[in-house]
Amino acid sequence: MTNEWNFPHNGFGQVRGVSDAGIETFTGTEIQSLAREICQNSLDAAVEGKNATVRVEFEQYRISSSDIPGYEQYASKIKKAYDYWSKKNSEKTIKVLAKALNSIKQQTTIVLRVSDFNTTGLSHPYEDSDEGWNALTKLDGGATKTGDKAGAFGIGKNAPFTNSNYRLVFYRTLNEAQETAAQGMSRFISFPENLNDSMNTMTTGIGYYGNPQGNLPVNSINELERLYKRTEIGTDVFVYGFNAGTDWDLNVINEVLENFLMAIHKNLLSVTVANRKIDSSTLSRYLDTYNAKIKNAYWYYQVLTRPETKVFTRDFHGLGTLKLSILVDSSEKLNKKILITRSSGMKLFALGNMSRIISFSGILEMEGKELNEFFREMETPAHDKWLPSRHSTNVSLAKEYNNELRDWIRDCIQTLGEHSSDDEIEVEGLAGVLQRESDKATQSGDDNNKESLQDIIGSITIQPRTSKNKPKGLFFGSEGNGKSKNTDTEGIVGVDGSDPTTHNLGGTRHRSKKDTHKGKATTGGHDTVHKRYGGDINQELKNVRVIKTSRNTYRVSFILPRDICAGHVEIVTVGENGKSNRLAIYSASGLMGCMGVKKSSEGVSFSSMKGNEKVQFEIALLDNRDYAMEVNVYEHN
């Protein structure tokens, strides 16, 4: 029997255009889609009960175009399609066909081979079955996979065709029954075999190379054997007219790392791309090398490997187990997303909008066939989100379970965020005031001053930082006799005498230069410390933050402009009318940058606090209500 091409006639039925929906799905991400879909198919074909790692190889060859199986015959089909459609008013179709015709006429062409090992191969290649070989080559839109396996929509098998200039792919398998099979397939465009009788000879646009009787595969195809001879059970995909360009290997590596991080880390999958092997032992190195392109995968890997990652598990209504791993680190700019994966280790999608104020990354693994089946019913054809309305049996329950899952993830993240040892949360509008003790009595009796201060502070809300402006607090520097940088001029410049000054000469004249100055002090003259150096006016505190760490416990932190020998902190709550009331403190303890912290009648007293570095202490209130708080710091003379 001679192998040949056969494009079945459409029987006066539908004419297939160049913009096939299944192929257009992957336009723009051709090589990435091919890598993702083929690796997933290989994982789904892993041998059950066998702990061997599924291996996938990507290798490229340059061959003579005449070595394409059935070359002359296939080239003639493209020419017939071009001759027919060039007379039609379809600019895109003509352009695609012209490119295909020009490409196949070139002296050489490129072939991409993708092979898997430690898999079952494709079953029933010569039978009328909706599984195995026929599910790949003939069944469209059939849901043949169940449980935690992908491919329920069958769209992924179109991805290799988008990577061929003339939409030509060959398949070959050696299966567990020791059957061998090989066949070429073209997902092209309808054309008439006879231009003079187009209605009676119009094809479906789908063609097969092999046994034309029943469009069946054959035992072997010599041209494929010369490229690569298979001796182990598994499947090969050959993409002829491969069009992914010179960076195809880098794109495949990026896609594999992005979508199969879990599978590789768990030793379920290894992928070799042009002799570069990515497995559990080399994964870290590849992530370090390519992390600029795949930052999300890099952070998910940190979730898997860092010791501070917390793991939550939950039985979900008896369907299976949810396993949620979360890394919280306020010192790193994590992606604030949860990676949703199948038990096979393939990425489904990244779940966002969990928390805007906590720096985290996480991974959710869904363990159990029933659990995966339930949520798979909600997947879109692209496997990139859950839509409860797609559930085929119980939409209302799907909505309920989807919301419940998301709420549980949020609660887990919030729990870790509240107990994080570092402060990432911005408390915008929180004010801290460092005042001279001598000013306190005056201000406590001046409602106008207090209300004016509240206008500056604004309302208190906990939200992510929306600008580079820091929360504002005020600092009133203490008085003390000192000297400016020039020793010839004395003035009230602060206890250390090191701040730049302007010398006022008395009367209405003053020197405006804001640095050192020369000359003796004039009678009646004085030095004024400038605002930004904390002189005789208020100055901002930095990074004022309050985080609730338990039912009635808060962590308070801020940065002072200079060291303080003694003082106290007043914690107040602010009402909607702008009035503030002091909160009763049950207990207090210092954490960093402060000494002698304890509860006092005025709030929290201390014996010393460091300047220009984080000060942090904890307080417990008498009740567990949530308050909008201000922090006022007073220095004692």
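The values are calculated or read from the model by the stated rules, or taken from the named source; none is laboratory data. This one's a predicted model, so the numbers in the text were calculated from it and none came from an experiment. Counting neighbours? That spans all protein chains shown, and the Cβs are built from the backbone with ideal geometry, glycine included.
Name the single residue, out of those in the stretch 221-280 being touching a Cys at 6+ places or on another chain (Cβ under 9 Å) and not charged (D, E, K, R), that is surrounded by the fewest Cβ atoms within 10 Å (Cβ to Cβ). So that I can check it myself, show each step before the final result.
From the stretch 221-280, those touching a Cys at 6+ places or on another chain (Cβ under 9 Å) are 255-256, 259-260, 263, 269, 271; that's our starting set.
Those still in the list that are not charged (D, E, K, R) too: 256, 259-260, 263, 269, 271.
Working: V256: 27, N259: 22, F260: 29, A263: 28, L269: 29, V271: 28.
Out of the qualifying residues, it is N259.
Looking only at the stretch 281-310, how many residues end up being among the β-branched types (V, I, T), surrounded by fewer than 18 Cβ atoms within 10 Å (Cβ to Cβ) and touching a residue at least 60 places away in the same chain (Cβ under 8 Å)? It would help to see each step written out before you state the result.
Of the residues in the stretch 281-310, the ones among the β-branched types (V, I, T) are 282, 289, 294, 303, 305, 309.
Now drop any that are not surrounded by fewer than 18 Cβ atoms within 10 Å (Cβ to Cβ), which leaves 282, 289, 305.
If we keep only those that are touching a residue at least 60 places away in the same chain (Cβ under 8 Å) too, we end up with none.
Going through the stretch 281-310 one residue at a time, the tally reaches 0.
Looking at L324 and the list (1) within 19 Å of the chain's Cα centre (by Cα); (2) outside any strand (DSSP E or B), which single condition is not satisfied?
The failed condition is (2).
Return a yes/no flag: does the stretch 259-273 have any residue that is closer than 20 Å to G352 by Cα and out of contact with any strand residue (DSSP E or B) (no Cβ under 6 Å at 6 or more places or on another chain).
Of the residues in the stretch 259-273, the ones closer than 20 Å to G352 by Cα are 259-262.
When the remaining residues are screened for being out of contact with any strand residue (DSSP E or B) (no Cβ under 6 Å at 6 or more places or on another chain), the result is 261.
Scanning the stretch 259-273 turns up at least one residue that is closer than 20 Å to G352 by Cα and out of contact with any strand residue (DSSP E or B) (no Cβ under 6 Å at 6 or more places or on another chain).
Does any residue of the stretch 375-385 turn out to be exposed (fewer than 14 other Cβ atoms within 10 Å of the Cβ) and without any contact (Cβ under 8 Å) to a residue 12 or more places away in the chain?
Yes, there is a match, as at least one residue in the stretch 375-385 is exposed (fewer than 14 other Cβ atoms within 10 Å of the Cβ) and without any contact (Cβ under 8 Å) to a residue 12 or more places away in the chain.
Looking at the stretch 116-134, is at least one residue among the acidic types (D, E), in contact (Cβ under 8 Å) with a residue 40 or more places away in the chain, assigned by TED's automatic domain parsing to the domain that holds N163 and surrounded by fewer than 16 Cβ atoms within 10 Å (Cβ to Cβ)?
We begin by selecting, within the stretch 116-134, every residue among the acidic types (D, E); these are 116, 127-128, 130-131.
From what's left, in contact (Cβ under 8 Å) with a residue 40 or more places away in the chain: 116.
Those left that are additionally assigned by TED's automatic domain parsing to the domain that holds N163: 116.
If we keep only those that are surrounded by fewer than 16 Cβ atoms within 10 Å (Cβ to Cβ) too, we end up with none.
No; the residues of the stretch 116-134 include none that is among the acidic types (D, E), in contact (Cβ under 8 Å) with a residue 40 or more places away in the chain, assigned by TED's automatic domain parsing to the domain that holds N163 and surrounded by fewer than 16 Cβ atoms within 10 Å (Cβ to Cβ).
Give E30, E57 a once-over and let me know the one that is out of contact with any strand residue (DSSP E or B) (no Cβ under 9 Å at 6 or more places or on another chain), within 16 Å of V256 (Cβ to Cβ) and in contact (Cβ under 8 Å) with a residue 24 or more places away in the chain. Before the answer, list the steps.
Working: E57 fails: out of contact with any strand residue (DSSP E or B) (no Cβ under 9 Å at 6 or more places or on another chain).
Testing whether each residue is out of contact with any strand residue (DSSP E or B) (no Cβ under 9 Å at 6 or more places or on another chain), within 16 Å of V256 (Cβ to Cβ) and in contact (Cβ under 8 Å) with a residue 24 or more places away in the chain leaves just E30.
Quick check on R342: is it surrounded by 22 or more Cβ atoms within 10 Å (Cβ to Cβ) and at pLDDT below 85? Give the steps one after another, and end with the answer.
Details: surrounded by 22 or more Cβ atoms within 10 Å (Cβ to Cβ): yes; at pLDDT below 85: yes.
When the stated conditions are applied, R342 passes them.
Among the strands (runs of 3 or more DSSP E) confined wholly to the stretch 548-626, which include 1 or more residues that are surrounded by fewer than 15 Cβ atoms within 10 Å (Cβ to Cβ) and polar (S, T, N, Q)?
Values: elements: 553-559, 567-574, 580-582, 585-592, 598-600, 603-606, 614-621.
The qualifying strands (runs of 3 or more DSSP E) are 580-582, 585-592, 598-600.
Does V169 satisfy the criteria of being among the β-branched types (V, I, T) and at pLDDT 95 or above? So that I can check it myself, show each step before the final result.
Numbers: among the β-branched types (V, I, T): yes; at pLDDT 95 or above: yes.
Yes: the conditions hold for V169.
Kindly evaluate E24 against the criterion of being among the acidic types (D, E) and free of Cβ contacts under 8 Å to residues at least 24 places away in the same chain.
In short, yes.
Can you give me the number of residues within the stretch 311-335 that are over 24 Å from I264 (Cβ atoms) and surrounded by 15 or more Cβ atoms within 10 Å (Cβ to Cβ)?
Of all residues in the stretch 311-335, those over 24 Å from I264 (Cβ atoms) come to 314-319, 328, 330-331, 333.
Add one more test, that the residue is surrounded by 15 or more Cβ atoms within 10 Å (Cβ to Cβ), and what stays is 316, 319, 328, 330.
Residues that pass the stated criteria total 4.
Do the conditions hold for G207, that is, is it assigned to a strand (DSSP E or B), of a type outside the set (A, V, I, L, M) and either over 18 Å from F7 (Cα atoms) or touching a strand residue (DSSP E or B) at 6+ places or on another chain (Cβ under 7 Å) (or both)?
Values: assigned to a strand (DSSP E or B): yes; of a type outside the set (A, V, I, L, M): yes; either over 18 Å from F7 (Cα atoms) or touching a strand residue (DSSP E or B) at 6+ places or on another chain (Cβ under 7 Å) (or both): yes.
Yes.
For the stretch 354-374, which positions are part of a helix (DSSP H, G or I) and either out of contact with any helix residue (DSSP H, G or I) (no Cβ under 8 Å at 6 or more places or on another chain) or surrounded by fewer than 18 Cβ atoms within 10 Å (Cβ to Cβ) (or both)? Can you show your working first?
We begin by selecting, within the stretch 354-374, every residue part of a helix (DSSP H, G or I); these are 369-374.
K369, E370, L371, N372, E373 - these are the residues of the stretch 354-374 that are part of a helix (DSSP H, G or I) and either out of contact with any helix residue (DSSP H, G or I) (no Cβ under 8 Å at 6 or more places or on another chain) or surrounded by fewer than 18 Cβ atoms within 10 Å (Cβ to Cβ) (or both).
Of the numbered conditions (1) charged (D, E, K, R); (2) touching a strand residue (DSSP E or B) at 6+ places or on another chain (Cβ under 6 Å); (3) crowded, with 19+ Cβ neighbours inside 10 Å, K77 fails exactly one; give the number of that condition.
The number of the failed condition is (2).
I'd like to check something: does the stretch 233-251 contain any residue that is over 40 Å from the mean Cα position of the chain (by Cα), in the same structural domain as I23 (by TED's automatic domain parsing) and assigned to a strand (DSSP E or B)? Write out each step before concluding.
Kept after step one, since they are over 40 Å from the mean Cα position of the chain (by Cα), are these residues of the stretch 233-251: none.
No, there is no match, as no residue in the stretch 233-251 is over 40 Å from the mean Cα position of the chain (by Cα), in the same structural domain as I23 (by TED's automatic domain parsing) and assigned to a strand (DSSP E or B).
Using the structure shown, decide if E635 is within 19 Å of R545 (Cα to Cα), buried (at least 17 other Cβ atoms within 10 Å of the Cβ) and touching a helix residue (DSSP H, G or I) at 6+ places or on another chain (Cβ under 8 Å). Let's see the steps before the verdict.
Details: within 19 Å of R545 (Cα to Cα): no; buried (at least 17 other Cβ atoms within 10 Å of the Cβ): yes; touching a helix residue (DSSP H, G or I) at 6+ places or on another chain (Cβ under 8 Å): yes.
It is false that E635 is within 19 Å of R545 (Cα to Cα), buried (at least 17 other Cβ atoms within 10 Å of the Cβ) and touching a helix residue (DSSP H, G or I) at 6+ places or on another chain (Cβ under 8 Å).
Of the residues N158, N200, which is surrounded by fewer than 18 Cβ atoms within 10 Å (Cβ to Cβ), under 22 Å from V15 (Cβ atoms), of a type outside the set (A, V, I, L, M, F, W, C) and at pLDDT below 95?
On the way: N158 fails: surrounded by fewer than 18 Cβ atoms within 10 Å (Cβ to Cβ).
Step by step, each of N158, N200 is checked, and only N200 is surrounded by fewer than 18 Cβ atoms within 10 Å (Cβ to Cβ), under 22 Å from V15 (Cβ atoms), of a type outside the set (A, V, I, L, M, F, W, C) and at pLDDT below 95.
Residue-by-condition table, conditions (1) assigned by TED's automatic domain parsing to the domain that holds K79; (2) on the phi > 0 side of the Ramachandran plot; (3) not charged (D, E, K, R):
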{"residue": "N158", "(1), (2), (3)": "yes, no, yes"}
{"residue": "T173", "(1), (2), (3)": "yes, no, yes"}
{"residue": "R187", "(1), (2), (3)": "yes, no, no"}
{"residue": "L195", "(1), (2), (3)": "yes, no, yes"}
{"residue": "M199", "(1), (2), (3)": "yes, no, yes"}
{"residue": "G214", "(1), (2), (3)": "yes, yes, yes"}
{"residue": "V218", "(1), (2), (3)": "yes, no, yes"}
{"residue": "K229", "(1), (2), (3)": "yes, no, no"}
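Kindly evaluate S608 against the criterion of being within 12 Å of Y554 (Cβ to Cβ), in the same structural domain as C565 (by TED's automatic domain parsing), of a type outside the set (A, V, I, L, M) and modelled with pLDDT of 90 or more. Quick ask: steps written out before the conclusion?
Numbers: within 12 Å of Y554 (Cβ to Cβ): no; in the same structural domain as C565 (by TED's automatic domain parsing): yes; of a type outside the set (A, V, I, L, M): yes; modelled with pLDDT of 90 or more: yes.
Against the criterion (within 12 Å of Y554 (Cβ to Cβ), in the same structural domain as C565 (by TED's automatic domain parsing), of a type outside the set (A, V, I, L, M) and modelled with pLDDT of 90 or more), S608 does not qualify.
Taking A182 and the conditions (1) surrounded by fewer than 18 Cβ atoms within 10 Å (Cβ to Cβ); (2) modelled with pLDDT of 95 or more, which numbered condition does it fall short on, given that it satisfies the others?
Among (1) surrounded by fewer than 18 Cβ atoms within 10 Å (Cβ to Cβ); (2) modelled with pLDDT of 95 or more, A182 violates only (1).
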